[in-house]
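What follows is calculated from the coordinates using simple rules that are stated; it is not laboratory data. Here the structure is a predicted model, which is why all the values come from computation and not from measurement. Cβ coordinates were reconstructed from backbone atoms using ideal geometry, including for glycine residues, and neighbour counts include every protein chain displayed.
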Amino acid sequence: MEGISQHKEKRKHPRVIISLPLIFQINKNGGVHTGLTVDASESGLLIQSFEDMPIGTRVNINVLFPKCLELTNFHGVAEVIWKDTYYWEDWEGYLYGLKFTQVLEKYHLILKQVLRDSYFLKEAFLFDRHQHKATLTVKEE
């Protein structure tokens, strides 16, 4: 059909929209920085952070899962593949495409379970609803 893009997705693994806090360290002696995941796949993450990092930077990451999921937090090493500036209200931050370069099998299995299992992709409550606290909503793309 004319006018329809013939763009073929290059990704090996589908992305899942998932907003979770993460902490990362640029080198073993460096400080700890914070960010949020935007989406995830078995091969990498899209994150946002206020920390400025060049493309090619290797980071040690720790994605923090809600306690109600009773999962061990995800740990791994990733490389910044691409970077873009984003603006949120009066703040300037960065979006990063990270590709995993080193992940232990036990963490890879946890990530696969979270990305695959519909139980984990439904609304996960961080706090008791009766206390009117915030919830975390995870949606599959």
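Ranked by the mean number of other Cβ atoms within 10 Å of their residues, highest first, the peptides 43-54, 103-114 fall in the order 43-54, 103-114. For the stretch 12-18, 3J(HN,Hα) computed residue by residue from phi via the Karplus equation (6.51, -1.76, 1.60; θ = phi - 60°) reads 6, 10, x, 8, 10, 5, 8 Hz, glycine and proline entered as x.
The phi-based Karplus calculation (6.51 cos²θ - 1.76 cosθ + 1.60; θ = phi - 60°) puts the 3J(HN,Hα) values of the stretch 29-42 at 9, x, x, 9, 10, 10, x, 9, 6, 9, 8, 8, 9, 5 Hz, whole numbers, x for Gly and Pro.
Kindly state, as a whole number, the per residue volume in cubic angstrom of the convex hull around the alpha carbon atoms of the stretch 16-131.
124 Å³
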